Each structure stands twice: as structure tokens, then as C-alpha cells.
Amino acid sequence: MVTSLKLADVVAMALGLPPETVVQHLRNLVKAELISFKGYGRGAAQMTPGDASRLLIAVAGADFVKDSLTTLRAFGQLLPIGYARREGPYITLEDHLAGLLATLASDAYAANDSEDRERIGHVGLSLMSVASVDPDRFPRIAISRSGRTGSGAISFATPTWQTPVISIAEYAMRMKGAGLIRERHVTREVMETIARSL
């Protein structure tokens, strides 16, 4: 069983960030009731793939700890590109990532510990945004890459964005008038490490 503080430690170690930074992101999400919480010690809540998904998006996407909630809302609610024209319900990036972490966790439990597992070095999740005082002017984009080789990709964006994006170069070309473009990448190995802790 992994508690919220243990999950924060795993995320910090996997991403190479100071544990205090990730714990503060966690506190921000707990305060907003976006992370399971019901006490400490034996009575602490067990973290779910949804909790891990929300924490990972907030930590990986935010420039500052104070931006945890804004970042989670901005990236977590993105929809698969092109699906907004269809009738809902829609899967969001947050839900997709939770499902992917659950799959990775079940794969980890099914794997034989004595096997030398191949280390995955490709990118599993990319988050792209424009630095702007008017964040609603420029849509955010996320790309989730699945499969052991990272060959399958799903692009997520705001409902008004209609064309799939597979790289930061494509995103930059479409962002007319943008200045600084931010990109964050989470490797598949990081995602597997987080999933194995669940």
C-alpha cells in the first residue's frame, strides 16, 4: 500500500525533484480534495492511479508549486483531439493517464521479478504550453505515447483544437504570436516507476 507521502517520494525520486517540492504540490491537491486523504499511518488512504495521475500532471506541468491546481485543471481536462465533435462522454488526459498507470501497474505485478526487464527510455507523456499573461489565448497540448516502443500516440487539447500534433515543432508552427513555448517530457521509465509503487 502506498500512502500520499510515499507516492510523493516516489514521484520526486523518479522525476529527480526535491521531495519538499513534490510534497507541497501534494498538499495543494489534498487541500483542494483532488487526492484521496483520510488520515495518517495505518488509517491513511491508499493512493489510486487517479491520484498518481493528478500528482504527476501537476508536478510535471507546473513551473511553480503555487501553480499545482491551475496546471492540473489546464492539462488534466484536455480531450483527445477530434473527439470533441462527437457526443460525450469524453476521456480526459487525467483519466487516460490514470488508466495507463493502472495498466503499467498490473503489467509490473504480472512480470517475473527474476527477468531482466528492458529499461524503457522513450518519452511517455509530453506537455506543451505557451508562456503568456493570457493563458486562455493559446491552447495547451499533451501527447501520450503508449506501447513498449512509444509508437502509438494520442494528442490531447482543448475542444476547439482539431488537428493532431505529434511534436513540439508542429505545436510551435501553429502558435502564431507566441513567444516562449514550454515543453515538459516524462519518460516511460518514470511512469513505470510510479505505477509499480501503486
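Every number in this text was worked out from the coordinates using simple rules, so none of it is lab data. Remember, it's a predicted structure, so these values are computed and weren't measured experimentally. We place every Cβ from the backbone using ideal geometry, glycine too, and count neighbours over all the protein chains shown.
For this structure, a couple of remarks:
- Spacing of the modelled spin labels on Q162 and K176, each 7 Å from Cα toward Cβ, amounts to 1.5 nm.
- Computed from the C-beta positions of V65 and E33, the FRET efficiency with R₀ = 30 Å rounds to 0.95.
- Radius 12 Å from Cβ of A98, net charge of other residues (Lys, Arg +1; Asp, Glu -1): -2
- Taking N as its residue count, the alpha carbon Rg of the range 149-198 over 2.2 N^0.38 Å: 1.46
- Under 23 Å of direct C-alpha separation, and excluding same-chain neighbours fewer than eight residues apart, K31 reaches these lysines: K6, K66.
- Length available on full extension from R73 to Y90: 0.36 nm per residue minus the Cα-Cα distance, which gives 4.6 nm.
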